[in-house]
Amino acid sequence: MITNVQHKRHIISTHPCFSEQAHNKFGRIHLPVAPACNIQCKYCLRKFDCANESRPGITSRILNPIEALERVRSLVERNERLTVIGIAGPGDPLANDATFETFSAIHREYPELTLCVSTNGLLLSDRLNDLVEAGVSSLTVTINAVTPEMAEKIYSWVSYKGKLYKGREAAECLLSNQWEGISAAVEKGLIVKVNTVFIPGVNDDEIPFIAWFAAHRGADLMNIMPLIPKAEFENLRRPTHEAVNMMRKKCGKHIPQMTHCRQCRADACGTLDEDKDMELEVLHARIGEEYCEIIN
Ligand code: CLF
Ligand code: SF4
């Protein structure tokens, strides 16, 4: 009989983001089914629909759950190395019912695939049972602050249960839901990663505390991502490689660090080194079909 610990180890060993060894052996697909978001991070800009820009929040188009399932079918048929199906936006997956419909449909057809979600954590406690029922076993929560004072500098507003919060109230609501959600997810046996956007001159001093809290709440991994300066934070600078490495070293005392993140798009596909987007994938499929027609 497979124990929970063995099951978790198996998921981690075949997950390109959770295991450095797996990152160029196994692939993931992101399904861009989640356009809406329930908070506003001051570095987030999702209004460009650009196939040439590669960063979180970008997709060449939004899919509905039926189209998403079709995309999985066609990719699984062509690529036996896909192990993970992720939903990572372009908004917050938990704020979109399409996320749950999509995961449930895929889980029914491909129960062997790992389903992975990346969220800001606002609705994590509220929707955790729905995620588990839909077959999700891998979770990422983006946490950029531990104190409300800091969170207030990073988030403009939070919309929770029909009410719009700003300032300190927004910060407190988001932080308490994030940590409560992480503890509940660990308790349920999910593999859990905390993503933190390193915003130089803003959250430098709090990042080691995020690492400490994440470890004590039972998270498996932390991923420190350098800021991509956009939106309200467009005039801030991106941290240097050296600064990111030093921060990872500090935080690595508390929790293992991911060092191979590609800050990929909401419609990414392939191994992390390939990081194809949907347009490229369609082009490759078309070239493949034309090639078949020529040789036949
Ligand atoms: Fe996607 Fe994220 Fe799941 Fe990976 S990405 S939802 S955990 S399957 Fe990976 Fe991409 Fe970095 Fe994310 S490289 S941005 S950490
Ligand atoms: Fe953008 Fe994600 Fe922040 Fe929402 S949670 S504002 S989609 S970065």
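The values are calculated or read from the model by the stated rules, or taken from the named source; none is laboratory data. It should be emphasised that the depicted structure is a prediction, and the values quoted were computed from it without experimental measurement. Counting neighbours? That spans all protein chains shown, and the Cβs are built from the backbone with ideal geometry, glycine included.
Each row is one residue, and each column tells you yes or no for (1) part of a helix (DSSP H, G or I); (2) at pLDDT 85 or above.
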position: L236; (1), (2): no, yes
position: A243; (1), (2): yes, yes
position: K253; (1), (2): no, yes
position: T259; (1), (2): no, yes
position: R262; (1), (2): no, yes
position: E289; (1), (2): yes, no
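In segment 117-137, what residues are more than 16 Å from ligand 2 (Cβ to nearest atom) and crowded, with 24+ Cβ neighbours inside 10 Å?
Taking segment 117-137 as the starting set, the residues that turn out to be more than 16 Å from ligand 2 (Cβ to nearest atom) are 125, 128-137.
The answer is L131, V136.
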Only one of these is more than 15 Å from ligand 1 (Cβ to nearest atom) and in contact with a Cys (Cβ under 9 Å, 6 or more places away or on another chain): L122, L128, L82, L75. Name it.
L122
Check K193, K188, K230 and return the single one that is within 16 Å of ligand 1 (Cβ to nearest atom) and farther than 24 Å from K253 by Cα.
K230
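Going through P65, P90 one at a time, which residue ends up being buried (at least 21 other Cβ atoms within 10 Å of the Cβ) and not hydrophobic (A, V, I, L, M, F, W, C)?
It is P90.
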I'd like the residue in segment 151-167 that is under 23 Å from I210 (Cα atoms) and basic (K, R) and, out of all such residues, is surrounded by the fewest Cβ atoms within 10 Å (Cβ to Cβ).
K166
Given segment 69-186, what helices (runs of 4 or more DSSP H) lie entirely inside it while holding 3 or more residues that are of a type in the set (S, T, N, Q)?
97-109
Determine the pairs where a residue that is closer than 14 Å to I224 by Cβ and at pLDDT 95 or above, located within segment 135-146, has a partner that is within 14 Å of ligand 1 (Cβ to nearest atom) and among the basic types (K, R) with Cβ atoms under 7 Å apart, the partner being 6 or more residues away or on another chain.
T140/K193
Among the residues of segment 9-39, which ones are within 14 Å of ligand 1 (Cβ to nearest atom) and of a type in the set (G, A, S)?
S19, A22, G27, A34
Tell me whether segment 204-214 contains one or more residues that are outside any helix (DSSP H, G or I) and surrounded by 16 or more Cβ atoms within 10 Å (Cβ to Cβ).
no
Where residues in segment 46-62 are surrounded by fewer than 17 Cβ atoms within 10 Å (Cβ to Cβ) and either within 14 Å of the chain's Cα centre (by Cα) or under 23 Å from K166 (Cβ atoms) (or both), which of them is modelled with the lowest pLDDT?
R55
Whether any residue in segment 151-169 is in contact with a Cys (Cβ under 8 Å, 6 or more places away or on another chain) and under 27 Å from T259 (Cβ atoms) is what I want to check.
yes
With respect to F233, is the statement that it is touching a Phe, Trp or Tyr at 6+ places or on another chain (Cβ under 6 Å) and more than 22 Å from H15 (Cβ to Cβ) true?
yes
Is it the case, given these coordinates, that T147 is out of contact with any His (no Cβ under 6 Å at 6 or more places or on another chain) and either within 14 Å of ligand 2 (Cβ to nearest atom) or not hydroxyl-bearing (S, T, Y) (or both)?
no
I need a count of the residues in segment 19-36 that are charged (D, E, K, R) and out of contact with any strand residue (DSSP E or B) (no Cβ under 6 Å at 6 or more places or on another chain).
2
